[in-house]
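Student: So that we are looking at the same thing, I have put the structure below in structure tokens.
The values are calculated or read from the model by the stated rules, or taken from the named source; none is laboratory data. Please read all numbers here as calculations on a predicted model, not as lab measurements. Cβ placement follows ideal geometry from the backbone for every residue including glycine, while neighbour counts extend to all protein chains displayed.
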């Protein structure tokens, strides 16, 4: 009887495990040294889908509230989220107005071009900017139309949070093999559609750069005033520095062939955004200039720079 | 080895094997189904009248809409939610309709002003389960040959109870345009140059 009961629970565990496995991450591909040396000519495409800066806000998960409080909890959370979204849109208006017009996408391409061109071992063409969202067939077409040996496709986003504490630039990069030689060397063959998939990629990672004002600093209105002072100079510097740093980190990460499963957790890293805070689940930490870079368990990288330490730069309008 | 242990090992096997069986990431986009949105001119007019009656300040001058220009970045839709990519043909037409529905704004007489459409989009926050539609325009009022003023106006709509259907998405864009109408009407004195922003 006990055996039967134990088996029953184990069977339930098996079913849950099987269902959960459908959403378990496939291992992130890292660029192996010999493949990196044979990349040949790499095309670069930067995709920026958003029309204006995103306004990030803290939302509650309806799913969790459903589990805790049933349908009433879900309804309440849903109403709360809608109100927060409305408020976030309103709070984002002065920021969006201040960035009109500010050709961030074009300057992002320039920053990416400079960083990739100055990186050793890369032979890249000038990045192409796409402003349209791509579906699977769009991504596949990008890969198939590649004239070079490989194609680095980067999707970028940028945002400010609704409390005006952080300005984030994030990019998701995937490097695809195109030439037969590179496919043979890497063992990643584009035999059948869909081509633009993780298991076909030579490299993939998500990289963010966050410029922060300390939480203890001032009230939201004061923080907004600081971002927007002098024709939003600090905000624009945060975006451009974010683009540059994210590109720097991308180039550095592409030359690091260590798999995420081979990395071990290191001691908690001091959280520069909070007095006395720490960041856990970190497998790597280093600095580039005034930026602290940390790597999470999934290999993703986050750069943190204090707004006070942003490098000076000329802002072109 | 008893049967419980066997089943547990099999369970673990499913988990380990399954972890290699799927991928997850920002690039899970499937093929989009294009959805053509159709808005209601009548609703824009009705709502403009309703807002005008509720906003105490009427525009202190007549404004002549000279032009509406699409300055949005080149895009092949106004947004994607899940597998649906929404299309709104000729968005400047709808902005023009929304602006001309307001009292005090016409095509023939008054202080000339032109409109640039900066943004018009619909998107969903999947975590919060909120759909957001937004529109932004830049209005340039030409008071005389040397004197012009530029201002940005916005409208948005946030919904927590929504579907991805054509009708529902169309309604959301209409709501954003109606919110833009309210914003323009409230800014009437600024546009007419009789009050500071």
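Student: Would a scan of region B:163-170 turn up a residue that is in contact with a strand residue (DSSP E or B) (Cβ under 6 Å, 6 or more places away or on another chain) and crowded, with 22+ Cβ neighbours inside 10 Å?
Tutor: yes
Student: From the list A:268, A:272, which residue is at negative phi, surrounded by fewer than 15 Cβ atoms within 10 Å (Cβ to Cβ) and in the same structural domain as residue A:175 (by TED's automatic domain parsing)?
Tutor: Values: A:272 fails: surrounded by fewer than 15 Cβ atoms within 10 Å (Cβ to Cβ).
Only one candidate passes the filter, namely A:268.
Student: Taking residue A:58, is it away from chain B (no Cβ under 13 Å) and modelled with pLDDT under 90?
Tutor: No, not satisfied.
Student: For region B:137-148, which positions are within 14 Å of chain A (Cβ to nearest Cβ) and either free of Cβ contacts under 8 Å to residues at least 24 places away in the same chain or over 27 Å from residue B:81 (Cα atoms) (or both)?
Tutor: Just the residues of region B:137-148 that are within 14 Å of chain A (Cβ to nearest Cβ), to begin with: B:137-140.
Across region B:137-148, the qualifying residues are B:139, B:140.
Student: Hey, another quick one. Residues being assigned to a loop (DSSP other than H, G, I, E, B) and in contact with a strand residue (DSSP E or B) (Cβ under 9 Å, 6 or more places away or on another chain): count how many of those fall in region B:70-109.
Tutor: To start, the set of residues in region B:70-109 that are assigned to a loop (DSSP other than H, G, I, E, B) comprises B:71-78, B:82-83, B:88-90, B:101-104, B:107-109.
If we keep only those that are in contact with a strand residue (DSSP E or B) (Cβ under 9 Å, 6 or more places away or on another chain) too, we end up with B:71-73, B:75-78, B:82-83, B:88-90, B:102, B:104, B:107-109.
The qualifying residues number 17.
Student: Taking the criterion of being part of a strand (DSSP E or B), away from chain A (no Cβ under 14 Å) and touching a residue at least 12 places away in the same chain (Cβ under 8 Å), would at least one residue in region B:120-133 satisfy it? Show your work before the answer.
Tutor: Start the filter on region B:120-133 by keeping residues that are part of a strand (DSSP E or B), which leaves B:120-125, B:130-133.
If we keep only those that are away from chain A (no Cβ under 14 Å) as well, we get none.
Within region B:120-133 (the criterion being part of a strand (DSSP E or B), away from chain A (no Cβ under 14 Å) and touching a residue at least 12 places away in the same chain (Cβ under 8 Å)), the answer is no, since none of the residues qualifies.
Student: I want to confirm something. Restricting to region A:270-303 and keeping residues that are in a strand (DSSP E or B) and more than 20 Å from the chain's Cα centre (by Cα), which single residue is farthest from residue A:241 (Cα to Cα)? Talk me through it step by step, then tell me what you get.
Tutor: Taking region A:270-303 as the starting set, the residues that turn out to be in a strand (DSSP E or B) are A:270, A:278-279, A:282-288, A:291-296, A:301-303.
Right, trim to more than 20 Å from the chain's Cα centre (by Cα) and you get A:270, A:278.
Numbers: A:270: 22, A:278: 24 Å.
Only one residue fits best here, namely A:278.
Student: Residues that are facing chain B (nearest Cβ under 8 Å) and part of a loop (DSSP other than H, G, I, E, B): does region A:77-93 have at least one?
Tutor: no
Student: For residue A:95, indicate whether it is within 27 Å of residue B:130 (Cβ to Cβ) and without any contact (Cβ under 8 Å) to a residue 24 or more places away in the chain.
Tutor: Numbers: within 27 Å of residue B:130 (Cβ to Cβ): yes; without any contact (Cβ under 8 Å) to a residue 24 or more places away in the chain: no.
So residue A:95 fails the test.
Student: Checking residue B:10 against (1) at pLDDT below 95; (2) touching a strand residue (DSSP E or B) at 6+ places or on another chain (Cβ under 6 Å); (3) part of a helix (DSSP H, G or I), which test does it fail?
Tutor: (2)
Student: Given (1) modelled with pLDDT of 95 or more; (2) under 14 Å from residue B:65 (Cα atoms), identify the lone condition not met by residue B:170.
Tutor: It is condition (2) that residue B:170 fails.
Student: In region A:229-259, what residues are without any contact (Cβ under 8 Å) to a residue 40 or more places away in the chain and either in a loop (DSSP other than H, G, I, E, B) or over 19 Å from the mean Cα position of the chain (by Cα) (or both)? Reasoning before the result, please.
Tutor: At the first step, the residues of region A:229-259 found to be without any contact (Cβ under 8 Å) to a residue 40 or more places away in the chain are A:229-230, A:252.
Answer for region A:229-259, where residues must be without any contact (Cβ under 8 Å) to a residue 40 or more places away in the chain and either in a loop (DSSP other than H, G, I, E, B) or over 19 Å from the mean Cα position of the chain (by Cα) (or both): A:229, A:230.
A quick yes/no check of all residues on (1) closer than 21 Å to residue A:169 by Cβ; (2) assigned to a loop (DSSP other than H, G, I, E, B); (3) touching a helix residue (DSSP H, G or I) at 6+ places or on another chain (Cβ under 7 Å); (4) free of Cβ contacts under 8 Å to residues at least 40 places away in the same chain:
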residue: A:190; (1), (2), (3), (4): no, yes, yes, no
residue: A:211; (1), (2), (3), (4): yes, no, yes, no
residue: A:214; (1), (2), (3), (4): yes, yes, no, no
residue: A:221; (1), (2), (3), (4): no, no, no, yes
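Student: Residue A:262 fails exactly one of the following numbered conditions: (1) surrounded by 15 or more Cβ atoms within 10 Å (Cβ to Cβ); (2) under 19 Å from residue A:36 (Cβ atoms); (3) free of Cβ contacts under 8 Å to residues at least 60 places away in the same chain. What is the number of that condition?
Tutor: That leaves (1) as the condition not met.
Student: So residue B:126 ticks every box in (1) farther than 23 Å from residue A:99 by Cβ; (2) buried (at least 22 other Cβ atoms within 10 Å of the Cβ) but one. Which box is left unticked?
Tutor: Exception for residue B:126: condition (2).
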